[in-house]
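Working notes, structure below.
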Amino acid sequence: MLDLGRLRALHAVAVHGTVGAAAAALGYTPSAVSQQIAKLERETRTTLLERSGRGVRLTDEAHQLADTAERLLSLVEEAEVRLEEGRGLPAGRLRIGCFPSAARGLMPPALADLARRHPSLDANLSEVDPHLSVDLVARGVLDLAVAHDWDIAPLPVPPGVEQAVIGDDLCDILVHRDHPLAEREAVRREELVEERWIVQPPGTVCHDWLIRTLRAVGYAPRVAHQAEENNTQVALVAAGLGIALVPRLGRGPLPPEVVPLLLDPVPRRRLRALWRTGAARRPAITETVRTLQELWPEVAAAG
């Protein structure tokens with residue numbers, strides 16, 4: 001009889017690519033994951049992991065077993081949903097993936113509220129890129145994702161994944177207080193042609209939106225610096241090294257050297273909650289989504 005916990009460990013390595021990343025997703029230590037897979041190898045009398053440089057790779061047999069594990073875990077989830085639905089109360093483990101600024105600005109009060117009202121619910125948060133989180137939900141690695149997209153860059157959602165809108169997050173242009181535009185309340189895209197931009201790395205939702213938006217009005221932005229974290233972008237603006245387009249959610253108070261300006265029209269990104277169709281009736285999902293939607297007006301006003 002194959003142990004479900006060991007199959008879950010193998011599936012996590014297949015999804016995340018490394019033992020360390022699998023351990024982080026499961027809430028285990030890398031040693032514990034390695035031990036689980038070693039026991040599974042002995043049970044199946046099959047080599048599942050092979051050394052590849054400094055990491056490991058799955059054998060062909062391991063990939064076949066991981067595919068089977070994914071189907072088994074889906075059946076287990078279905079059974080758990082039915083039991084939780086029958087009780088009518090949020091309970092059990094809920095794995096949530098969320099992009100960094102929402103993890104900082106939205107999730108702390110939401111998780112605290114859920115923990116207070118539903119002590120039987122064990123909600124676990126991981127920071128995940130929006131594009132990656134949708135795939136992780138579809139594959140059953142995450143139960144719920146909080147992601148975002150933009151009007152000209154919608155988030156692709158595969159079949160079998162449902163979604164609900166949480167709210168819209170507004171974005172500001174940040175400039176140094178000595179910048180010629182600092183006394184203005186709002187600026188147009190055409191006025192920013194000669195600016196040096198501080199942007200997120202290519203491939204991120206925010207970077208792609210900015211590039212596409214500015215090209216739509218006839219110019220490509222002059223990228224001076226790339227920084228993944230919004231707080232780093234703010235620090236670079238404070239040092240007078242360029243301007244940045246930064247969402248309000250999770251941004252925190254700005255230093256005195258930085259001035260926010262409205263961009264006309266105002267850019268906004270839409271926050272969405274996503275979950276698998278098979279888990280749509282799970283009280284933990286419905287209650288968490290409801291909590292996020294109810295908290296959003298307060299969080300957006302604070303931002």
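The values are calculated or read from the model by the stated rules, or taken from the named source; none is laboratory data. Since this is a predicted model, take the numbers as computed values, not measurements. Here the Cβ positions follow ideal geometry from the backbone for every residue, glycine too, while neighbour counts run over all protein chains shown. Keep in mind that these areas ignore ligands, DNA and RNA; they rest on the heavy atoms of the full protein, side chains included. Shrake-Rupley method; radii C 1.70, N 1.55, O 1.52, S 1.80 Å.
What to note about this one:
- The condition of being open to solvent by less than 50 Å² (accessible area, probe 1.4 Å), modelled with pLDDT of 95 or more and of a type outside the set (Phe, Trp, Tyr) does not hold for residue 300.
- Across the range 219-240, the qualifying residues are those that are in contact (Cβ under 8 Å) with a residue 24 or more places away in the chain and open to solvent by 70 Å² or more (accessible area, probe 1.4 Å), and the one among them that is farthest from the chain's Cα centre (by Cα) is 222.
- Test for residue 134: is it assigned to a loop (DSSP other than H, G, I, E, B), at pLDDT below 90 and surrounded by 16 or more Cβ atoms within 10 Å (Cβ to Cβ): no
- Only one of the numbered conditions (1) surrounded by fewer than 16 Cβ atoms within 10 Å (Cβ to Cβ); (2) more than 16 Å from residue 265 (Cβ to Cβ) is violated by residue 212, and that is (2).
- Test result for residue 114, within 22 Å of residue 81 (Cα to Cα), open to solvent by less than 20 Å² (accessible area, probe 1.4 Å), assigned to a helix (DSSP H, G or I) and in contact (Cβ under 8 Å) with a residue 40 or more places away in the chain: yes
- Where a residue in the range 36-52 is at positive phi and its partner, wherever it lies, is not in a strand (DSSP E or B), with Cβ under 9 Å and at least six apart: none
- A single member of 78, 84 is open to solvent by less than 20 Å² (accessible area, probe 1.4 Å), out of contact with any Phe, Trp or Tyr (no Cβ under 7 Å at 6 or more places or on another chain) and assigned to a helix (DSSP H, G or I), and it is 84.
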